[in-house]
Each structure stands twice: as C-alpha cells, then as structure tokens.
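The values are calculated or read from the model by the stated rules, or taken from the named source; none is laboratory data. Keep in mind that this is a model prediction, so the values were computed, not measured. Quick reminder, even Gly has a Cβ in these numbers, built from the backbone with ideal geometry, and neighbours come from all protein chains shown. We work out accessible area using only protein heavy atoms, side chains counted, and drop any ligands, DNA or RNA first. Shrake-Rupley method; radii C 1.70, N 1.55, O 1.52, S 1.80 Å.
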Amino acid sequence: MGIAVAKELDDQDISLIFIEKDASKVETLKEQGYDVEIGDISEFETINALDMPSLEVAFILSSDGKANLKALAHIKNIKPDVYTVSRAIDQNNKDKLEAAGVDSAILPARAAANVIVQSVKRAASLKKARELKRCIEKMNGKKLAIVMHNNPDPDAMSGAMALSEIAKTVGVESEILYHGKIGHQENKAFVNLLDIDIERMEKYDLSEFSNIALFECAIPGMNNLVPSDTIINIVIDHHPINISEVKADFIDIQPDIGASATIMAMYLKELHINFSSELATALLYGIRVDTHEFKKNATQSDLEAAAFLYPLVDHDILSQIETPSMSTETLDIMGYAIQNRQVTGSYLISNVGLIRDRDALPQAADYLLNLEGVTTTIIYGLTENSIHVSGRSKDVRVNIGEIMREAFGEEHGGGHSTSAGAQIPLGVFSGTKDKQTLMKLAEEAVVKMLFDVMGMEEKEE
Ligand SMILES: [Mn+2]
C-alpha cells in the first residue's frame, strides 16, 4: 500500500521517506529508488529519529492496527500539526484512530467498494452517451431538426447547441428550431454574444428533415409546434413526465437533474468531444439560470457539470450577458420614466411619452421597482398606433395582471400577478399629428382607468 501511495504522488514535487521494519522489504524499496529508514513505527525512537520539523504529512499504512495507533500517538506527541492519514484494520480500529485525532482513517476494503460502485455509475453514463451517439450515427448523415420548447430559455438553447455539436461529430447536420419569443434582455444578449444559431420553426417545413429531436420537451405538439403524429427520434428533457407517453428511439429524461444543459455537458465529457468556449459559456449560463444560481433544484450532477465547464468558460462574455448594455433609446426611456414618475402610496406610475422600442417599458417598470417604498410600478408610452402599458408588482396582495385586465379589458390587457402589460389601440386617433395633445389625452385615460380599478383618487396637480 505504501508503494501504491508513493506512485500516486510520483509526479508531485514531494520529498518522501519510507519507514519499514522488514529488512527484505527495505532492500526492495531501495532498489526502486526510494529513501528508506529501517525501524518499527510503534516505537517512539523510530518516529523521533525522523526529521520532524520538515514533516508535513504522515501516511500510516502498516497492516498492524495497534502499531498504527501507536505511531499516530508518537507523531501527535512530537508534532501535533502533522496531517495524518492512517489505514484502519477494522471499524473498531478506525474508531480508535479517530478518537486519537487522526485526520483521515481509511478502511481499504470500503474505499475499494466505493470506487467500484462509482465506476458502475460512470459506466452507466458512458453507456447512455454511446447510445446517443449510435442513435445519431444511424441517421446516416441525413438532416436532423432539434426542436426546443416554445419560448426557449438559455438551458434549452445551450443544450440544443450541444446536441447539434454531438451530431456534427458523427457527420449529421442539424438545425435548431423554435417557436415563440426569446424574451428578456439577458436572453437576447445570450443569443447575440454567444452566436447561438437558432431558427424560427415557421421558416421550415419539417418534412425537409429525416430526423427529429425534441429538446426540453417530450411529446410532439406539447409546448412545441411539431404535429402530434410525428415520429420522434430523440427526446432529452429534465421536466417530469409520464414516461410511458414518450415515444422515441432514444430517450433521456432526468427529472432529478436541475438543467438539461447538465445532461448535455456530461455527454460532451463522456464522448471526449472538443467544444468551443462559447458553448461551455452557454451551458454554464443555462445551468445557472435553471438552478437559480444553484439555489434551487441543483444536484451533485449540476455542480459536477459546472465544475467541468468552468475552466472553458469565457467569463467576460458571461458578465456581459448578465449586464446587457442598454440602447440609447432604452436609456432615454429609463430617464423619462424616472423624471415623470408619480408616486401614490406604494404605487408608481410614469408616462414616458413617444417610444419606438416598447421593450424598454418592462425594463423601466422592473428598474423602478427598486425605488424605496414602491412595490408596484406602471410605465406607459405611445407608439404610432397604440398606448403600451407595462406593470410590475412585488406586493403579494396586488395582482397586476388582474388590474390590467380590469382596467383595459381582456382583449387589451393581461399577464401574471407580478408582471403584466396592456396594449390599447389608438384607432381613429392614430393619425393625429398633434402628438402632445394625444399624449395628454392618453395619460388622462390611462391614469383614470388604472386608478378606478386600484381604488385610488387621482391626486390634484
Ligand atoms: Mn431547463
């Protein structure tokens, strides 16, 4: 065991000395080029004769449990801060070593059992990875469509990119398809900064593809635009589902895992695929978003995948995604929103005037929610044809989606309890040249409708 440990330490710059009491073994060790002292470790003199001031770590590895205990006691006696690792003969011996203050006591049989079980787990994940590769190989170079769930998030996008990368290594070209919107400023930055190559599903006829993979969704027609009778080749997902309903040649659904990007990172690792820093960055971002920065649903696998990706990640790009730069118009709108704010109790309402980019409204609504004492924000502005309203609330008693629906009607307003929006067509007024007057009228109408619903009096100017 001593030689095995010495060999493990071979490539490290460590000066190593053996203590061995058996003269014939001493010879063998010397022949192998090791420094050896002859002596019995259970005796104080043997330990005391060592160059104790320079000793940092002691591996106590004899097959005699009592001798190991004694050696430990001598070392602790002379130099208590030496790091000690001892072989234990049985559980009783292990308990005694621990009571005597050993830093680590190891039962060799148990350590070996652990490695054996781990290797089975590893073999299982390698087997699954090879199965995926074989499934793609069988496509014989015919084109693959990777369809993500509607309104894909970074986890879906990065994982789909990884699947496309794996397909490429076996000569299968693929197209990553989505339906819906890429929401959030961060997700837009994610797509732009990491060259995420995805296409709108509507641009393609699925019959162009011989093979179809569903990514982060499991059933054709459920949260994707794939017709329900389509034959699916691959399903990879981490959302819980009744597995008996899922039909495909290759299925990997792991509801215990925090992110699909984790599943894909492990495939890349197992298959020894070289991949770009952009993909590593995308996958790590996907895992972080889906596990809420490892605060929710994060498992050991997610952390392992993150550790695997981390050295390959471009951290500059990652921080750019998290703090996307703002367009001048968005900045102006933020400015107007701050300047024109009217705060009534915990409500903040602000009119930003004429806008071209209505995406700036939810950002302003989000941002102003940081203002002290404000728990609900409503920001609105005017485009050529409509009044756009965006609302946010962190007050659990307020349902901002309900407020929008009640104030502007089901057909114009809607959303969730914490974030909502409305779009009110200007109709015949849309051609009005005098925008100032129009803005004034819009303001009066919007504020009145909102205040009526929220049960507030409009404050006198
Ligand atoms: Mn996900």
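What to note about this one:
- Boolean, Ala156 is part of a helix (DSSP H, G or I) and either open to solvent by less than 30 Å² (accessible area, probe 1.4 Å) or not basic (Lys, Arg) (or both): yes
- With respect to the conditions (1) open to solvent by less than 20 Å² (accessible area, probe 1.4 Å); (2) within 13 Å of the ligand (Cβ to nearest atom); (3) touching a residue at least 60 places away in the same chain (Cβ under 8 Å), Val289 lacks only one, and its number is (1).
- From Phe44, Phe59, residue being in the same structural domain as Lys96 (by TED's automatic domain parsing), within 21 Å of Ile106 (Cβ to Cβ) and surrounded by 12 or more Cβ atoms within 10 Å (Cβ to Cβ): Phe59
- Some residue of region 399-411 being touching a residue at least 12 places away in the same chain (Cβ under 8 Å), in contact with a helix residue (DSSP H, G or I) (Cβ under 7 Å, 6 or more places away or on another chain) and open to solvent by 60 Å² or more (accessible area, probe 1.4 Å): yes
- Each residue in region 206-218 was checked for being open to solvent by 20 Å² or more (accessible area, probe 1.4 Å) and within 28 Å of Ile241 (Cα to Cα), and 3 of them qualify.
- Scoring Gly221 on the criteria (1) touching a residue at least 24 places away in the same chain (Cβ under 8 Å); (2) small (Gly, Ala, Ser); (3) open to solvent by 20 Å² or more (accessible area, probe 1.4 Å) leaves a single failure, condition (1).
- Where Ile251 falls short, out of the listed (1) part of a loop (DSSP other than H, G, I, E, B); (2) more than 13 Å from the ligand (Cβ to nearest atom): (1)
The rows are residues; the columns are (1) among the hydroxyl-bearing types (Ser, Thr, Tyr); (2) within 20 Å of Lys181 (Cβ to Cβ); (3) assigned by TED's automatic domain parsing to the domain that holds Leu450.
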site	(1), (2), (3)
Gln300	no, no, no
Ala307	no, no, no
Leu312	no, no, no
Asp316	no, no, no
Met334	no, no, yes
Asn340	no, no, yes
Leu361	no, yes, yes
Thr377	yes, no, yes
Met404	no, yes, yes
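- Scope region 139-153; condition surrounded by 19 or more Cβ atoms within 10 Å (Cβ to Cβ) and either in contact with a His (Cβ under 8 Å, 6 or more places away or on another chain) or not charged (D, E, K, R) (or both); matching residues: Met139, Leu144, Ala145, Ile146, Val147, Met148, His149, Pro152
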